[in-house]
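The values are calculated or read from the model by the stated rules, or taken from the named source; none is laboratory data. Values in this document were obtained by computation on a predicted structure and should not be read as measured data. In this analysis, Cβ positions are derived from the backbone assuming ideal geometry, glycine residues included, and neighbour counts consider all displayed protein chains. Calculation scope for accessible area: heavy atoms of the full protein, side chains included, ligands and nucleic acids excluded. Shrake-Rupley method; radii C 1.70, N 1.55, O 1.52, S 1.80 Å.
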Amino acid sequence: MSQIEIKVNPTVKDIILSKESDMIAFRRYLHAHPELSMEEFETTKLIAAKLDEFGIPYRLTKPTGVIAEIKGAGPGKTILLRADMDALSVQQMNDVSYKSSVEGKMHACGHDTHISMLMSAAYALNEVKDQFNGTVRLVFQPAEEIAQGAKLMVEQGAVEGVDNAFGIHIWSVGKSGTVSCPAGPSFAAADIVKISFKGKGGHAAQPNLTIDAAIMASQFVVNAQSIVSRVIDPLHPAVVTLGKMEVGTRFNVIAENATIEGTVRTFDPATRDTVEEALKHYANEIAKMYGGEAEVVYDRMTEPVNNEEKTANLVQQIAAQAFGEEAIDNCPPTMGAEDFGCYMTQIPGAFATVGSASDDDATQWPHHSGNFNVDENALKVGAELYAQYALAYLGQNEF
(Lines give C-alpha, C1' and ligand atoms only; values in the text may rest on other atoms or scores of the structure.)
Protein backbone atom coordinates (compact mmCIF):
# COMPACT_ATOMS: atom_id res chain seq x y z
CA MET A 1 0.00 0.00 0.00
CA SER A 2 1.30 3.47 -0.91
CA GLN A 3 2.50 5.68 1.92
CA ILE A 4 1.02 9.12 2.53
CA GLU A 5 3.69 11.81 2.55
CA ILE A 6 3.75 13.40 5.97
CA LYS A 7 6.11 15.38 8.13
CA VAL A 8 5.95 15.64 11.88
CA ASN A 9 5.58 19.11 13.32
CA PRO A 10 8.81 20.06 15.17
CA THR A 11 7.07 22.82 17.13
CA VAL A 12 4.68 20.29 18.67
CA LYS A 13 7.58 18.11 19.75
CA ASP A 14 9.32 21.10 21.36
CA ILE A 15 6.18 22.21 23.19
CA ILE A 16 5.50 18.75 24.60
CA LEU A 17 9.11 18.31 25.74
CA SER A 18 9.10 21.76 27.34
CA LYS A 19 5.96 20.82 29.34
CA GLU A 20 7.00 17.24 30.18
CA SER A 21 7.45 17.92 33.89
CA ASP A 22 3.97 19.47 34.08
CA MET A 23 2.50 16.42 32.35
CA ILE A 24 4.17 14.05 34.79
CA ALA A 25 3.06 16.12 37.77
CA PHE A 26 -0.52 16.11 36.47
CA ARG A 27 -0.40 12.35 36.03
CA ARG A 28 0.87 11.88 39.57
CA TYR A 29 -1.90 14.04 41.01
CA LEU A 30 -4.49 12.02 39.11
CA HIS A 31 -2.88 8.80 40.29
CA ALA A 32 -3.11 9.92 43.91
CA HIS A 33 -6.80 10.83 43.52
CA PRO A 34 -8.48 7.93 41.68
CA GLU A 35 -12.21 7.74 41.01
CA LEU A 36 -14.19 4.70 39.89
CA SER A 37 -16.39 4.39 36.80
CA MET A 38 -19.29 6.88 36.69
CA GLU A 39 -17.82 8.58 39.77
CA GLU A 40 -15.15 10.69 38.05
CA PHE A 41 -16.62 13.98 39.27
CA GLU A 42 -13.45 15.58 40.63
CA THR A 43 -11.45 14.29 37.68
CA THR A 44 -13.94 15.94 35.34
CA LYS A 45 -13.63 19.23 37.24
CA LEU A 46 -9.85 19.03 37.08
CA ILE A 47 -9.89 18.43 33.32
CA ALA A 48 -12.31 21.31 32.81
CA ALA A 49 -10.09 23.62 34.86
CA LYS A 50 -7.07 22.71 32.73
CA LEU A 51 -9.01 23.38 29.53
CA ASP A 52 -10.12 26.74 30.94
CA GLU A 53 -6.48 27.53 31.67
CA PHE A 54 -5.53 26.67 28.08
CA GLY A 55 -8.47 28.57 26.60
CA ILE A 56 -9.96 25.48 24.94
CA PRO A 57 -13.78 25.41 24.78
CA TYR A 58 -15.59 22.31 26.03
CA ARG A 59 -18.86 20.88 27.26
CA LEU A 60 -19.51 18.50 30.12
CA THR A 61 -21.21 15.15 29.56
CA LYS A 62 -23.38 13.18 31.95
CA PRO A 63 -22.77 11.91 34.51
CA THR A 64 -19.06 12.67 34.03
CA GLY A 65 -16.70 13.34 31.16
CA VAL A 66 -15.66 16.20 28.90
CA ILE A 67 -15.79 16.86 25.15
CA ALA A 68 -13.59 19.73 23.97
CA GLU A 69 -12.71 21.13 20.54
CA ILE A 70 -9.76 22.93 19.03
CA LYS A 71 -10.65 24.60 15.74
CA GLY A 72 -7.90 25.26 13.24
CA ALA A 73 -7.34 28.23 10.96
CA GLY A 74 -9.94 27.10 8.44
CA PRO A 75 -12.56 24.45 7.71
CA GLY A 76 -11.61 20.83 7.23
CA LYS A 77 -12.10 17.37 8.63
CA THR A 78 -12.67 16.49 12.28
CA ILE A 79 -10.44 14.06 14.15
CA LEU A 80 -11.45 12.59 17.52
CA LEU A 81 -8.76 11.92 20.14
CA ARG A 82 -9.90 9.94 23.16
CA ALA A 83 -8.57 9.29 26.67
CA ASP A 84 -10.41 7.26 29.31
CA MET A 85 -10.26 8.41 32.91
CA ASP A 86 -11.67 5.88 35.40
CA ALA A 87 -9.75 3.96 38.04
CA LEU A 88 -10.25 0.47 39.44
CA SER A 89 -11.34 -1.01 42.76
CA VAL A 90 -7.80 -2.25 43.41
CA GLN A 91 -5.76 -1.69 46.55
CA GLN A 92 -2.42 -0.08 45.68
CA MET A 93 0.45 -2.23 46.90
CA ASN A 94 3.55 -0.44 45.65
CA ASP A 95 4.98 2.41 47.65
CA VAL A 96 5.46 5.53 45.53
CA SER A 97 5.36 9.22 46.45
CA TYR A 98 2.11 9.62 44.50
CA LYS A 99 0.42 6.53 45.92
CA SER A 100 -3.38 6.44 45.87
CA SER A 101 -4.85 8.44 48.74
CA VAL A 102 -8.13 6.47 48.52
CA GLU A 103 -8.37 3.08 50.19
CA GLY A 104 -9.27 0.31 47.74
CA LYS A 105 -9.08 2.49 44.62
CA MET A 106 -6.19 2.80 42.19
CA HIS A 107 -5.27 3.83 38.67
CA ALA A 108 -4.08 0.29 37.99
CA CYS A 109 -4.57 0.40 34.22
CA GLY A 110 -2.89 3.67 33.26
CA HIS A 111 -5.91 5.84 32.60
CA ASP A 112 -4.20 8.59 34.62
CA THR A 113 -1.45 8.60 31.99
CA HIS A 114 -4.00 8.74 29.17
CA ILE A 115 -5.58 11.88 30.61
CA SER A 116 -2.25 13.62 31.12
CA MET A 117 -0.95 12.65 27.66
CA LEU A 118 -4.06 13.90 25.90
CA MET A 119 -4.04 17.10 27.95
CA SER A 120 -0.43 17.74 26.95
CA ALA A 121 -1.33 17.08 23.31
CA ALA A 122 -4.28 19.47 23.63
CA TYR A 123 -2.03 22.23 24.91
CA ALA A 124 0.42 21.74 22.02
CA LEU A 125 -2.32 21.56 19.38
CA ASN A 126 -3.94 24.71 20.74
CA GLU A 127 -0.61 26.50 20.49
CA VAL A 128 -0.32 25.64 16.76
CA LYS A 129 -3.99 25.89 15.78
CA ASP A 130 -3.16 28.57 13.21
CA GLN A 131 -1.06 25.96 11.37
CA PHE A 132 -3.83 23.48 10.50
CA ASN A 133 -7.31 23.37 9.03
CA GLY A 134 -10.14 21.36 10.55
CA THR A 135 -11.10 20.44 14.09
CA VAL A 136 -9.57 18.32 16.82
CA ARG A 137 -12.21 16.89 19.16
CA LEU A 138 -10.89 15.84 22.55
CA VAL A 139 -12.93 13.21 24.39
CA PHE A 140 -12.16 12.57 28.05
CA GLN A 141 -14.29 9.49 28.58
CA PRO A 142 -15.59 7.93 31.81
CA ALA A 143 -16.36 4.31 32.63
CA GLU A 144 -14.17 2.36 30.23
CA GLU A 145 -13.58 -0.28 32.88
CA ILE A 146 -17.27 -1.20 32.96
CA ALA A 147 -17.69 -0.92 29.17
CA GLN A 148 -20.27 1.84 29.42
CA GLY A 149 -18.37 5.06 28.84
CA ALA A 150 -17.88 4.99 25.08
CA LYS A 151 -21.57 4.20 24.53
CA LEU A 152 -22.52 7.16 26.73
CA MET A 153 -20.22 9.51 24.84
CA VAL A 154 -21.55 8.37 21.47
CA GLU A 155 -25.11 8.87 22.72
CA GLN A 156 -24.14 12.40 23.76
CA GLY A 157 -22.80 13.35 20.34
CA ALA A 158 -19.10 12.55 20.62
CA VAL A 159 -18.86 11.21 17.05
CA GLU A 160 -21.26 13.58 15.33
CA GLY A 161 -19.45 15.19 12.41
CA VAL A 162 -16.26 13.21 13.11
CA ASP A 163 -14.29 11.69 10.22
CA ASN A 164 -11.74 9.59 12.09
CA ALA A 165 -10.96 8.46 15.66
CA PHE A 166 -7.67 7.72 17.40
CA GLY A 167 -6.95 6.41 20.88
CA ILE A 168 -3.94 5.28 22.90
CA HIS A 169 -3.40 2.82 25.74
CA ILE A 170 -0.23 2.73 27.80
CA TRP A 171 1.09 -0.85 27.64
CA SER A 172 3.14 -2.51 30.36
CA VAL A 173 4.10 -5.48 28.19
CA GLY A 174 5.75 -3.19 25.63
CA LYS A 175 9.21 -1.66 25.85
CA SER A 176 9.05 1.92 27.06
CA GLY A 177 8.53 4.39 24.22
CA THR A 178 7.60 1.85 21.56
CA VAL A 179 4.41 2.22 19.54
CA SER A 180 2.26 -0.62 18.22
CA CYS A 181 -0.65 -0.09 15.85
CA PRO A 182 -0.91 -2.92 13.31
CA ALA A 183 -3.87 -3.02 10.96
CA GLY A 184 -6.66 -5.42 11.85
CA PRO A 185 -7.87 -6.82 15.18
CA SER A 186 -6.22 -5.37 18.25
CA PHE A 187 -8.53 -5.87 21.26
CA ALA A 188 -11.32 -8.44 21.49
CA ALA A 189 -15.04 -8.05 21.91
CA ALA A 190 -15.94 -8.84 25.52
CA ASP A 191 -19.29 -10.31 26.49
CA ILE A 192 -20.77 -11.40 29.81
CA VAL A 193 -22.83 -14.57 30.09
CA LYS A 194 -25.01 -15.74 32.98
CA ILE A 195 -26.46 -19.24 33.01
CA SER A 196 -29.11 -20.24 35.54
CA PHE A 197 -30.10 -23.88 36.09
CA LYS A 198 -33.24 -24.85 37.99
CA GLY A 199 -33.79 -28.34 39.30
CA LYS A 200 -35.67 -29.81 42.24
CA GLY A 201 -34.08 -29.66 45.66
CA GLY A 202 -34.26 -32.30 48.33
CA HIS A 203 -32.50 -34.36 50.98
CA ALA A 204 -29.00 -35.56 50.18
CA ALA A 205 -30.04 -39.10 51.19
CA GLN A 206 -32.87 -39.17 48.64
CA PRO A 207 -31.32 -38.14 45.31
CA ASN A 208 -33.93 -40.14 43.39
CA LEU A 209 -36.54 -37.59 44.42
CA THR A 210 -34.57 -34.59 43.19
CA ILE A 211 -33.14 -32.92 40.08
CA ASP A 212 -29.65 -31.82 41.03
CA ALA A 213 -28.76 -28.32 39.77
CA ALA A 214 -25.14 -28.87 40.85
CA ILE A 215 -24.83 -31.78 38.41
CA MET A 216 -26.27 -29.70 35.58
CA ALA A 217 -23.98 -26.77 36.32
CA SER A 218 -20.92 -29.02 36.60
CA GLN A 219 -21.66 -30.73 33.31
CA PHE A 220 -22.10 -27.37 31.65
CA VAL A 221 -18.75 -26.03 32.90
CA VAL A 222 -16.94 -29.11 31.64
CA ASN A 223 -18.68 -29.28 28.28
CA ALA A 224 -18.65 -25.57 27.45
CA GLN A 225 -14.94 -25.67 26.63
CA SER A 226 -15.65 -28.02 23.74
CA ILE A 227 -17.33 -25.04 22.03
CA VAL A 228 -13.88 -23.53 21.62
CA SER A 229 -12.14 -26.78 20.69
CA ARG A 230 -14.84 -28.39 18.53
CA VAL A 231 -17.50 -25.92 17.40
CA ILE A 232 -15.82 -22.74 16.19
CA ASP A 233 -13.46 -22.35 13.24
CA PRO A 234 -9.93 -22.85 14.68
CA LEU A 235 -8.68 -19.96 12.52
CA HIS A 236 -10.93 -17.57 14.46
CA PRO A 237 -9.97 -17.68 18.14
CA ALA A 238 -12.29 -17.41 21.09
CA VAL A 239 -12.01 -17.61 24.86
CA VAL A 240 -14.81 -18.87 27.10
CA THR A 241 -14.07 -18.33 30.78
CA LEU A 242 -16.62 -19.35 33.40
CA GLY A 243 -15.27 -17.62 36.45
CA LYS A 244 -18.06 -17.83 39.01
CA MET A 245 -20.47 -20.53 40.10
CA GLU A 246 -22.96 -20.38 42.96
CA VAL A 247 -24.83 -23.56 43.81
CA GLY A 248 -26.51 -25.10 46.83
CA THR A 249 -27.28 -23.96 50.36
CA ARG A 250 -25.71 -26.63 52.61
CA PHE A 251 -23.79 -29.89 52.59
CA ASN A 252 -26.77 -32.24 52.94
CA VAL A 253 -29.26 -30.56 50.62
CA ILE A 254 -29.31 -31.33 46.92
CA ALA A 255 -29.21 -28.01 45.11
CA GLU A 256 -32.33 -26.70 43.42
CA ASN A 257 -30.62 -23.71 41.78
CA ALA A 258 -27.23 -23.00 40.28
CA THR A 259 -25.87 -19.86 38.64
CA ILE A 260 -22.76 -19.58 36.50
CA GLU A 261 -21.20 -16.33 35.29
CA GLY A 262 -18.45 -15.91 32.75
CA THR A 263 -17.02 -13.96 29.85
CA VAL A 264 -16.55 -14.61 26.15
CA ARG A 265 -13.82 -12.97 24.05
CA THR A 266 -13.80 -12.99 20.25
CA PHE A 267 -12.53 -10.91 17.31
CA ASP A 268 -14.82 -12.16 14.57
CA PRO A 269 -18.59 -11.35 14.50
CA ALA A 270 -19.53 -14.77 13.12
CA THR A 271 -17.51 -16.51 15.85
CA ARG A 272 -19.21 -14.36 18.45
CA ASP A 273 -22.62 -15.44 17.16
CA THR A 274 -21.58 -19.09 17.10
CA VAL A 275 -20.34 -19.07 20.69
CA GLU A 276 -23.49 -17.36 21.97
CA GLU A 277 -25.75 -19.83 20.17
CA ALA A 278 -23.70 -22.80 21.34
CA LEU A 279 -23.73 -21.72 24.99
CA LYS A 280 -27.50 -21.46 24.90
CA HIS A 281 -27.82 -24.81 23.12
CA TYR A 282 -25.51 -26.61 25.57
CA ALA A 283 -27.30 -25.19 28.61
CA ASN A 284 -30.75 -26.12 27.35
CA GLU A 285 -29.74 -29.63 26.28
CA ILE A 286 -27.98 -30.37 29.56
CA ALA A 287 -30.98 -29.15 31.53
CA LYS A 288 -33.31 -31.24 29.38
CA MET A 289 -31.14 -34.33 29.86
CA TYR A 290 -31.48 -34.09 33.64
CA GLY A 291 -35.10 -32.95 33.67
CA GLY A 292 -34.35 -29.38 34.73
CA GLU A 293 -34.57 -25.93 33.17
CA ALA A 294 -31.96 -23.44 31.96
CA GLU A 295 -31.91 -19.73 31.24
CA VAL A 296 -29.02 -17.97 29.49
CA VAL A 297 -28.54 -14.20 29.51
CA TYR A 298 -25.86 -13.10 27.06
CA ASP A 299 -24.81 -9.43 27.15
CA ARG A 300 -22.58 -8.01 24.43
CA MET A 301 -20.45 -5.49 26.28
CA THR A 302 -17.71 -4.16 23.99
CA GLU A 303 -17.08 -4.33 20.27
CA PRO A 304 -13.73 -5.55 18.93
CA VAL A 305 -11.09 -2.91 18.26
CA ASN A 306 -10.25 -3.37 14.59
CA ASN A 307 -7.67 -0.92 13.29
CA GLU A 308 -8.60 0.43 9.89
CA GLU A 309 -5.70 -0.14 7.49
CA LYS A 310 -5.06 3.41 6.25
CA THR A 311 -5.35 4.81 9.76
CA ALA A 312 -2.99 2.20 11.23
CA ASN A 313 -0.46 2.79 8.46
CA LEU A 314 -0.56 6.53 9.12
CA VAL A 315 0.03 5.97 12.84
CA GLN A 316 3.04 3.79 12.10
CA GLN A 317 4.49 6.37 9.69
CA ILE A 318 4.13 9.13 12.25
CA ALA A 319 5.71 7.01 14.99
CA ALA A 320 8.65 6.12 12.77
CA GLN A 321 9.27 9.76 11.85
CA ALA A 322 8.77 11.13 15.35
CA PHE A 323 10.60 8.47 17.36
CA GLY A 324 12.63 6.41 14.86
CA GLU A 325 12.00 3.12 13.09
CA GLU A 326 13.19 1.27 16.19
CA ALA A 327 10.16 2.57 18.06
CA ILE A 328 7.76 0.57 15.90
CA ASP A 329 6.49 -2.55 17.60
CA ASN A 330 3.91 -5.05 16.40
CA CYS A 331 2.20 -6.39 19.49
CA PRO A 332 -0.07 -9.35 18.77
CA PRO A 333 -3.82 -8.96 19.33
CA THR A 334 -4.99 -9.40 22.90
CA MET A 335 -8.15 -11.00 24.21
CA GLY A 336 -8.35 -8.07 26.60
CA ALA A 337 -11.16 -5.65 25.85
CA GLU A 338 -11.37 -1.90 25.23
CA ASP A 339 -14.58 0.00 24.65
CA PHE A 340 -12.88 2.23 22.06
CA GLY A 341 -14.35 -0.27 19.60
CA CYS A 342 -17.70 1.48 20.13
CA TYR A 343 -16.40 4.56 18.32
CA MET A 344 -15.08 2.39 15.51
CA THR A 345 -18.52 0.99 14.79
CA GLN A 346 -19.47 4.56 13.83
CA ILE A 347 -16.32 5.92 12.15
CA PRO A 348 -12.96 4.57 10.93
CA GLY A 349 -10.00 4.83 13.23
CA ALA A 350 -7.18 3.11 15.06
CA PHE A 351 -6.04 2.37 18.59
CA ALA A 352 -2.34 2.30 19.44
CA THR A 353 -0.44 0.99 22.42
CA VAL A 354 2.58 2.84 23.82
CA GLY A 355 5.03 0.66 25.70
CA SER A 356 5.77 1.68 29.29
CA ALA A 357 8.05 -1.07 30.64
CA SER A 358 11.67 -0.09 31.32
CA ASP A 359 14.44 -2.28 32.68
CA ASP A 360 13.13 -1.45 36.15
CA ASP A 361 11.02 -4.35 37.45
CA ALA A 362 8.63 -1.84 39.02
CA THR A 363 7.30 -0.93 35.55
CA GLN A 364 6.75 -4.50 34.40
CA TRP A 365 3.73 -5.45 36.50
CA PRO A 366 0.60 -6.34 34.52
CA HIS A 367 -2.37 -4.02 34.17
CA HIS A 368 -4.90 -4.27 37.03
CA SER A 369 -2.18 -5.29 39.47
CA GLY A 370 -1.88 -3.47 42.77
CA ASN A 371 1.79 -2.96 41.88
CA PHE A 372 1.11 -1.48 38.44
CA ASN A 373 3.30 1.46 37.46
CA VAL A 374 4.78 2.94 34.29
CA ASP A 375 8.04 4.39 33.05
CA GLU A 376 7.01 8.04 32.86
CA ASN A 377 9.42 8.61 29.97
CA ALA A 378 6.71 6.99 27.84
CA LEU A 379 4.27 9.83 28.50
CA LYS A 380 5.92 12.28 26.12
CA VAL A 381 5.74 9.62 23.39
CA GLY A 382 1.99 9.16 23.85
CA ALA A 383 1.36 12.91 24.04
CA GLU A 384 3.27 13.59 20.85
CA LEU A 385 1.68 10.66 19.07
CA TYR A 386 -1.79 12.05 19.84
CA ALA A 387 -0.86 15.49 18.53
CA GLN A 388 1.18 14.47 15.50
CA TYR A 389 -1.49 12.00 14.39
CA ALA A 390 -4.17 14.70 14.56
CA LEU A 391 -2.07 17.11 12.49
CA ALA A 392 -1.11 14.45 9.94
CA TYR A 393 -4.67 13.25 9.51
CA LEU A 394 -6.05 16.76 9.08
CA GLY A 395 -3.25 17.61 6.67
CA GLN A 396 -3.92 14.83 4.13
CA ASN A 397 -6.73 14.29 1.65
CA GLU A 398 -6.51 10.57 0.92
CA PHE A 399 -9.02 9.38 3.53
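A few comments on the model shown:
- Taking the listed residues Met216, Met153, the one that is farther than 30 Å from Ile115 by Cα and part of a helix (DSSP H, G or I) is Met216, with no other qualifying.
- Residues of region 257-311 that turn out to be at positive phi and open to solvent by less than 10 Å² (accessible area, probe 1.4 Å), as a count: 0
- Enumeration of residues in region 374-399 that are outside any helix (DSSP H, G or I) and surrounded by 24 or more Cβ atoms within 10 Å (Cβ to Cβ): Val374
- Any hit, region 162-177, residues being under 30 Å from Ala362 (Cβ atoms) and among the aromatic types (Phe, Trp, Tyr): yes
- Val173 meets each of the listed conditions (1) part of a strand (DSSP E or B); (2) open to solvent by less than 20 Å² (accessible area, probe 1.4 Å) apart from (2).
- Filter result for the condition that a residue is small (Gly, Ala, Ser) and touching a strand residue (DSSP E or B) at 6+ places or on another chain (Cβ under 9 Å), over Gly324, Gly349: Gly349
- Each residue in region 229-257 was checked for being in a loop (DSSP other than H, G, I, E, B) and more than 17 Å from Thr274 (Cβ to Cβ), and 7 of them qualify.
- Filter result for Thr210 (over 29 Å from Gly336 (Cβ atoms), open to solvent by less than 40 Å² (accessible area, probe 1.4 Å), polar (S, T, N, Q) and touching a residue at least 40 places away in the same chain (Cβ under 8 Å)): yes
Residues are listed down the side, and each one gets a yes or a no for (1) of a type in the set (A, V, I, L, M, F, W, C); (2) assigned to a helix (DSSP H, G or I); (3) surrounded by 18 or more Cβ atoms within 10 Å (Cβ to Cβ); (4) free of Cβ contacts under 8 Å to residues at least 24 places away in the same chain:
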position: Ile4; (1), (2), (3), (4): yes, no, no, no
position: Val8; (1), (2), (3), (4): yes, no, yes, no
position: Lys13; (1), (2), (3), (4): no, yes, yes, no
position: Arg27; (1), (2), (3), (4): no, yes, yes, no
position: His31; (1), (2), (3), (4): no, yes, yes, no
position: Ser37; (1), (2), (3), (4): no, no, yes, no
position: Lys45; (1), (2), (3), (4): no, yes, no, yes
position: Asp52; (1), (2), (3), (4): no, yes, no, yes
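- Checked against (1) without any contact (Cβ under 8 Å) to a residue 60 or more places away in the chain; (2) open to solvent by 60 Å² or more (accessible area, probe 1.4 Å); (3) among the β-branched types (Val, Ile, Thr), Val221 meets all criteria but (2).
- When the residues of region 348-373 are filtered to those that are closer than 16 Å to Glu144 by Cβ and in a loop (DSSP other than H, G, I, E, B), the one that is most open to solvent (accessible area, probe 1.4 Å) is His368.
- Restricting region 74-132 to residues that are part of a strand (DSSP E or B) and open to solvent by less than 10 Å² (accessible area, probe 1.4 Å), the residue that is farthest from Met153 (Cα to Cα): Met106
- Within this structure, Ala287 fails the test of being assigned to a helix (DSSP H, G or I), outside the structural domain of Ile215 (by the TED database), of a type in the set (A, V, I, L, M, F, W, C) and in contact with a strand residue (DSSP E or B) (Cβ under 8 Å, 6 or more places away or on another chain).
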